[in-house]
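**Q** I am attaching a structure below and will ask some questions about it afterwards.
Nothing in this text is a laboratory measurement; each read-out follows from the coordinates by a stated rule. Since the structure is predicted, the reported quantities are computational estimates derived from the model, not experimental observations. Ideal geometry is used to build each Cβ from the backbone, glycine not excepted, and the neighbour counts take in all protein chains shown.
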Amino acid sequence: MDKNSVTGFILIALILFGFTFYQSRQARKAAEWQAQQDSIALAQRIAAGDTVITVVPVDNAEAPAVAAPAPQAAIYKDAALEAAHNAEASLISLENDKIALTLSSMGAQPYGVLVKDYFNYDSTALHIFKDGASTYSVSVYAGEFIQTKDFNFQVAEKNDTAVVFRLPFSDGGYIEQRYALQADSYMVDSQLSFIGMSSIPRNVSSVDIDYSMIIPRMEKGYKNEAQYSKLDFYQDGDKKPTEIGRSRNGSKRVDSKVSWFAFQQQFFSAIIRAKNQFASGSFDISFFPQEDESRNLMACTARMRADYRPGQDNVIPFEMYLGPNKYKILREYDQKYEKIIPLGGSLVGWFTKYVIIPMFDFFHRFIANFGLIILLMTIVIKLVVLPLTYKSYASSAIMAVLKPEIEKINAKYPKQEDAMKKQQATMALYNKAGANPM
């Protein structure tokens, strides 16, 4: 074999080896690409909720197709948050002599509140908001945007009148929500805390806190109840709170500090106060139609913003009043809560404040029926003003009797220059009959 033949065989071998290597590499890339496409398709099917069918060969025989549940794709990057999002919620009850408050671990939020010793017009239990008709949620960016209403909080502490909820993060930090009922009171102390939250960036300076409630009807007459139901908010330094509603839908945005707001039914209210004040907020109220089958009165929403100090633990204290619009009780808190009660103008307001309300409270010590109390108050007021009323009626009767005589005097002195004589004759008639025109 000559030199040229050997060289030719070597070149052919190199070409075959190179072609085989190239084909093998291209086949591997094609397989990787196909596997990637298959993974994408599988993920899309899982996200769409499709069922995945897997075929497994066993002992040279093909097993029947088995339907395997599609695994849930993770929503949150933080594993602890993902676990809390998928956890099952539980209800916690706190109770004192005034109210029974139900809380949900999902969002660590109020779930329903029953007011004791009071009833609706039809003698059914009175709820300021019914179970599931309220939402409380905190929105914040902690490496990813979260709303606390989407997560099940762990119960860290619990007794008959207080509970502590915690939402842990993978970095060791947690959001904490505390609720505690004050003894023999309609007031609930609430505290929102951010502890060791290194996942919240240093450029975050506020958190958003949303409250919404559907207030049910409690009275038989819709129009009157809606007329005296409203949403109030108070800013420090104001003489009285600003109100929206009174049977009309409305909204209001406030870009300055707000001390508290109230979702106010005619006779009962939910009042939420930030002890360090809200930084700003917006409010909405809308009324259900009279024909609403669920007998709901109004839907109220408050979207509030609270200051957050980055790089340190934050504790934001609140208080919630869930009870009747009683002037004496509301005034005791010294936060101008009593200003939500319409007492009338200055003179009427003074009479209502120092006469009507004390009289009502006195009768209420012995009588539970409001209708009977109002009847007794009407009788008392009638008796008090009876001397003045009697004089008024007697004077009116005498003036009616004297009317023909006065007409005779007017006919006797028709001229303007006889005005003095007419007045003297009229006064002489009044004196003779013992009448006082005043």
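**Q** For Ala156, which sequence-distant residues (separation of 5 or more, or a different chain) have an amide H within less than 5 Å of its own amide H, given hydrogens modelled in the peptide plane?
**A** Correct list: Val164, Phe165, Arg166.
**Q** List the pairs from Lys220/Lys275; Lys382/Lys422; Lys326/Lys391; Lys239/Lys326 whose alpha-carbon separation is above 28 Å, in the order I gave them.
**A** Pairs exceeding the cut-off: Lys220/Lys275; Lys382/Lys422; Lys326/Lys391.
**Q** Given a Förster distance of 51 Å, report the FRET efficiency between Gln290 and Ser206 from their Cβ-Cβ distance, rounded to the nearest 0.05.
**A** 0.80
**Q** In whole Hz, with x marking every Gly and Pro, tabulate ³J(HN,Hα) for the stretch 168-181 from phi via Karplus 6.51 cos²θ - 1.76 cosθ + 1.60, θ = phi - 60°.
**A** Result, ordered by residue: x, 10, 5, 7, x, x, 7, 9, 10, 10, 10, 9, 8, 7 Hz.
**Q** What residues have an amide H closer than 5 Å to that of Gly173, excluding those fewer than 5 places away on the same chain, when H is modeled at 1.01 Å from N in the peptide plane?
**A** So Gly173 has HN proximity to Ser198.
**Q** Can you put His364, His85 in order, fewest other beta carbons within 10 Å first?
**A** Ordered by Cβ neighbours within 10 Å, fewest first: His364, His85.
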